Each structure stands twice: as structure tokens, then as C-alpha cells.
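J.: Take this structure first; my questions come after.
What follows is calculated from the coordinates using simple rules that are stated; it is not laboratory data. The structure displayed is predicted, hence computed values, not measured ones. So basically every Cβ, Gly included, is an ideal-geometry build from the backbone, and we count neighbours across all protein chains shown.
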There are 2 protein chains.
Amino acid sequence: MSTETELLLEQVTEQVRNRLRSQRLTSVPSVTGTWQDPAELRMCLAAGAQRLGTLDGHEAGPIPQNLASIIDHTLLKPTATRKDLEKLCREARDYKFASVCVNTTWIDLAVKLLKGSTVMPICVVGFPLGAASTAAKACETRDAVRRGAAEIDMVINIGALKGRDYDQVLQDIREVVAAARGRPVKVILETAMLNREEKIAGSALSKAAGAAFVKTSTGFGGGGATVEDIRLIRSVVGPAMGIKASGGVGSARAAKNMLQAGATRIGASASVAIVTESMAGRG
Amino acid sequence: MSTETELLLEQVTEQVRNRLRSQRLTSVPSVTGTWQDPAELRMCLAAGAQRLGTLDGHEAGPIPQNLASIIDHTLLKPTATRKDLEKLCREARDYKFASVCVNTTWIDLAVKLLKGSTVMPICVVGFPLGAASTAAKACETRDAVRRGAAEIDMVINIGALKGRDYDQVLQDIREVVAAARGRPVKVILETAMLNREEKIAGSALSKAAGAAFVKTSTGFGGGGATVEDIRLIRSVVGPAMGIKASGGVGSARAAKNMLQAGATRIGASASVAIVTESMAGRG
């Protein structure tokens, strides 16, 4: 880890601690858990940082021959109809993708159509702006999980992150993690809208809040996953956390580059093409 | 009203009635109110249609010299920070806009900053895809209203509308209207993504569901309000319902054209420019 990253992590820790101490915070509704203890938060961030010494030159695990098992087969455009969803789920069963990733309006249908298969039905929450209230995100999560969502991909509060309202960012993720009741939560940073400091802070806060994955992009934010961003995120969150590369990953080669850089999951709508290409040895 | 429009309205009515009768609907959670009675729905749609005879050549009311009182001063981009929100609310107080329109993460701040003024704090819900679950939209609405939102601008379930799942579209709006507890609900159609039939059906369903306004666009959907769409919507919903023209309304002239065509509210981020231009007699 570079000294620059280390300094930024220290800054995030410091600022969160100050916020937690400040008057303003007394009006924020409390959450179960010990996150309000600055020492715990600091330890959590530091733990991530300590592990990072071993991560420069981090070696990715073996890349599977068939990429399907690490791809979230994704359909999020608002014009998608029931028919489109049926096709998505059929493809997911046929190719044995890790999951289908859908908007919460479709979770009942996805759960039903994937029954008896190994494919997980997963949902996006607060999507794609991340600017819905924490109550709305938590409620959307609770409802989706109750209906059978196996994982939750939430969008970080981008405006709060940019305004360095780190306690708000943390609280937002914490409440979604709590609402997910043990289901893994991915935090979408929307990297195309962030500078380097914001990417680092967003990754550190996701980890501190108990998310299972950091995810790069919504696919709606004017940019997607890059190898550089995956490397940066990996260097911040350490080796154990999941990273999902999403947005513009359109070929087997691109997918493998992301895995090599440290990603552990791929989000794509071109999943069938990626797998076909990969199996034909063309990627 | 043209025979074509009349036929489409008849089709919407027919299809909703059939859906309501079908088996599938027994699994849809029931809502208070009598909408499940097809006769009532039909009457409601028909009532809209009957009034329309008088609407061809509909005359707009007098257009105010100062447009501020009918403009929702809007900031919805996800990168907006606390500072941007403070500026928005300051401008709204200075120019006496009808409201500020914000994402639900900012409602507390908007309520606080607008206290003692005539400017309403209003929110978008299920924004901008409209593909969040009905439970999520209703919960987001309930929370926003509890915190002080004076109006709710929800996005219609675009995929369900395109798939002609009209009962689902209706139910979705109905539950948000119920959650808003009397606060006016606007239904955003996202006209740029719809064909003529879908615009008509979306308008009719919004009216049938008890919404106060039909609104054209999110500003994120690749298109905005047009004079033709405002005319079409007005011809479907009758003279009493509100219509909000939003998306790309950037000048006093454009705003006045929308009002002339039948709009009663304008959503804009260029509101200060519009009002300045209008007051200077340049629009």
C-alpha cells in the first residue's frame, strides 16, 4: 500500500471519528451493533490497512475455464418486460450463471423462475443514483430478502461521499447490511463519478460497514469497471473481501483481466457472449 | 378526443378488467379502496373520456407573469452535495419557487432549510427507473411524508406498462397514493421511452389510481417534455388533473409553450434562468 493510500485511510478514520463525536450525530437514529464506537471503526479500517502490506503484487486465484460460475447475469434497464425477464432466467439456468441480477420489481418472478436451480436471484437497491433515503434502501432490502433475494447490490450515497459526510455513508450501508439479515451486500461505488480519494474512502467505508463486496458501477453512470480501479479497491479492502467488476465488461478477455486484477465476481448483460467466447477458447 | 384515443382507452379498461378477473390476481395483496371493482375503474376512465369532448382546442388559464410560482426547482443528480442543496434552497426562497424537488436522502435538509417560507420540499420516489418494488416505493413515500415532504413525484413501472401488466401499474401507483396520505402524487411516465399507446395507458392509469398529476420525464431517460406529449396527456386526463412538464425545459419560452399546451407545473434545474428571462420580458 502506498503512503498516499495510507494517509487517505487515516483521514477517513479521523473524519469519521470526529463526526461520531460531534453534536450533529445525536440526531442520527442508532443502529444495533458497536459501530458507534470510534475505536472499533478505527480498528476495522486499520485491520484492512495492515493486511495490505502483502497485497502489492497480489496474485489472483485460478481463473475458472467456464466463467459462468462467477457472472451475475444482469438486466436492469427500466423498459424490460416480463418476457425479457423470462429469457434472462432461462439463459441463467442453461449456462449456470452465479445469479440473475434484477430490479426489485422483478424479484418474485426471478425467485419463481429460478426455483430448483443453483442460480441465485439477486437485486439492486437504491438504484442507480444511490440517493434514496436510508429508510427507503433498508426497506427495499428487507422486502427483497423476504421475497427470496440471495444477495443485495446497493448503491452508495454518492453525494454524501463527495461531501465527506462519511458517517452518513457508513450509516446508510450499515442499515442495508442489517436489513439483509446475513445475505451478502455489495456496495456499488459508481467509480466513473468519483476521484481517487472518493474511491478509497468508499471502499474503506464499505468494508467498515460490514459489506461483503465492493462493486464498481451501475452501468447507468457513464462509465464502467477498469483494471486500475479493481487494483485500487483490492489494495484498500484487503484479500478477503469480494470485488465485483461491472459496467461495460463485454468480452471474455475483459472479464479475465478484471479477475486477474483482483475481482471475484463479474456483472454483465453480455454474459452469454462472454461464456460462449470463453468456452470456445477465444477469450 | 380522437377515435383512436377512445379505442385505446377502451382497451386499457378492458384489459384491466380482464386482469382483475383472472386467477393470477388473487396473489396480489389487496389495497383499501374500491379499485378492485372493475366497474369503478371503468367509470373513472370513462369519466375522463366524457369530459374530453370539450378539450379539443382546450384553452390554458392565464399564464403568470412571474413563472416562479409554478416551477419545481430541481436538483436530482447523484453527485449533488450538501452545499449544492443549500444553494438550491437559498435560490428557491429568493425566487419564491413552488418547491424544491430533491432525492429522498435530502428531504430532512430541504425541510429544515425551507422552514418559514412558502416553498414546498418535495421528493422523487422509485427514481429514475421506476423499477423498484411497490413495497419499496410505498415505504420511501411513507418515510418522506413523515419527514415533511409536501408532494411525491414517483416513476411509473415502465416495464409493467410496456408489458401491458396494467393491474400491476395501477396497484403500484395506488399504494404510493395511499402511502402519501393526502399529499399530491405525480406519476412520471418517462415519455421518451414510451410509444403513443403507452403514454395514453400510463396517463389513464395514473388518473384511475388517484394521482394528482401526470409528469412527463425524469431528466435521466434520454428525452424530455414536448408540447405534443402535454397535449396528448391533457386530452386523456381531462381538465382537472395536474400536468407537470419536466426534462429539458430550459427557457421561459419553452416553459410558456408547455403551459399553453396544458401543463400546470414546470420541473426545471434552469429555473433561475427561466424566471430571470421571464421577468425581463425576454421569454
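J.: Could you tell me which trypsin sites (Lys or Arg not before Pro) in the stretch B:231-283 are loop residues by DSSP with no more than 11 other beta carbons within 10 angstrom of their beta carbon?
T.: Answer in residue order: B:282.
J.: Let me ask something additional. With +1 assigned to the C-beta of every Lys and Arg and -1 to the C-beta of every Asp and Glu, and no other charges, what is the dipole magnitude of the stretch B:147-215 about the Cα centre in debye, to the nearest 20?
T.: 220
J.: How big is the charge dipole of the stretch B:155-283 about its Cα centre, in debye rounded to the nearest 20, if each Lys and Arg gets +1 on its Cβ and each Asp and Glu gets -1 on its Cβ?
T.: So the dipole magnitude of the stretch B:155-283 works out to roughly 420 debye.
J.: Sticking with this one: Based on the Cβ-Cβ distance from residue A:118 to residue B:260, what FRET efficiency comes out when R0 is 56 Å, to the nearest 0.05?
T.: 0.45
J.: Along its principal axes, what span do the Cα atoms of the stretch A:63-279 show, with the longest given first and each in whole Å?
T.: Principal extents (largest minus smallest coordinate, Cα): 44, 35, 30 Å.
J.: I would also like to ask the following. Please list, short to long, the whole-number percent of alpha-carbon pairs of the stretch A:198-261 in consecutive 10 angstrom bins beginning at zero.
T.: Percent of pairs per bin, in order: 23, 55, 21, 1.
J.: Ordered shortest first, which distances in nm separate the 7 Å Cα→C-beta label point of residue B:222 from those of the other copies?
T.: 1.7
J.: Starting at the first residue of the stretch A:93-104, write each ³J(HN,Hα) from the Karplus equation 6.51 cos²θ - 1.76 cosθ + 1.60 with θ = phi - 60°, in whole Hz, x for Gly and Pro.
T.: 5, 4, 8, 6, 5, 4, 7, 10, 10, 10, 5, 5
J.: Please report the Cα spread of the stretch A:53-132 along all three principal axes, rounded to whole Å, starting with the longest.
T.: The Cα atoms of the stretch A:53-132 stretch 46, 35, 19 Å along the principal axes, largest first.
J.: Calculate the mean, over all residues of peptide B:73-86, of how many other protein chain Cβ atoms lie within 10 angstrom of the residue's Cβ.
T.: Taking all residues of B:73-86 together, the mean is 5.
J.: Which whole-Hz ³J(HN,Hα) couplings does the stretch A:238-255 yield from phi under the Karplus relation 6.51 cos²θ - 1.76 cosθ + 1.60, θ = phi - 60°, glycine and proline marked x?
T.: Along the stretch A:238-255, the couplings run x, x, 8, 7, x, 10, 10, 8, 8, x, x, 7, x, 9, 4, 4, 4, 4 Hz.
J.: Also: Show the residues, 5+ positions off or on another chain, whose built amide H is closer than 5 Å to the amide H of residue A:120.
T.: Distant-sequence amide H within range of residue A:120: A:99, A:100.
J.: Moving to a separate point now. Rounded to whole Å, how close does chain B get to the rotation axis onto A by Cβ? Give me the residue too, please?
T.: For chain B, the closest residue to the axis carrying it onto A is B:139, 2.
J.: Sticking with this one: Post the alpha-carbon centroid distance, the stretch B:78-109 to the stretch B:206-265, in whole angstrom.
T.: Between the Cα centres of the stretch B:78-109 and the stretch B:206-265 lies a distance of 22 Å.
J.: Considering the Cα trace of the stretch B:171-212, what is its radius of gyration and what is Dmax, both in angstroms?
T.: 10.7, 32
J.: Could you list the GluC sites (Glu not before Pro) in the stretch A:57-135 that lie in coil according to DSSP, counting only those with at most 11 other Cβ atoms within 10 Å of their Cβ?
T.: Filter output for the stretch A:57-135: A:59.
J.: Further, regarding this structure: Which one of A:166, A:243, A:71 is farthest out on the positive end of the charge dipole of the stretch A:63-279, using unit charges on Cβ (Lys, Arg +1; Asp, Glu -1) and the Cα centre as origin?
T.: Of the candidates, A:71 comes out farthest on the positive side.
J.: Do any trypsin sites (Lys or Arg not before Pro) in the stretch B:175-208 lie in a loop, going by DSSP, with at most 13 other beta-carbon atoms within 10 Å of their beta carbon, and if so which?
T.: B:181
J.: First measure r as the distance between the Cβ atoms of residue A:7 and residue B:63, then evaluate 1/(1 + (r/R0)^6) with R0 = 56 Å and state the FRET efficiency to the nearest 0.05.
T.: Efficiency for this residue pair is about 0.45.
J.: What average number of partner chain Cβ atoms lie no more than 10 Å from the Cβ of the residues making up A:105-114?
T.: Per residue, the number of nearby Cβ atoms from other chains is 2 on average.
J.: Moving to a separate point now. About the Cα centre of the stretch B:59-150, what is the dipole size in debye to 20, counting +1 per Lys and Arg Cβ and -1 per Asp and Glu Cβ, all else neutral?
T.: Rounded to the nearest 20 debye, it is 340 debye.
J.: Here's another thing I want to ask about it. Which distances, in nm and shortest first, link the residue A:11 label point to the same label point in every other copy, taking 7 Å along Cα→Cβ?
T.: Nearest first, the other copies' label points are 5.8 nm away.
J.: Also: If amide hydrogens are placed 1.01 Å from N in the peptide plane, which non-local residues have theirs closer than 5 Å to the one on residue A:75?
T.: Those qualifying (amide H under 5 Å, at least 5 residues apart or on another chain) are A:101.
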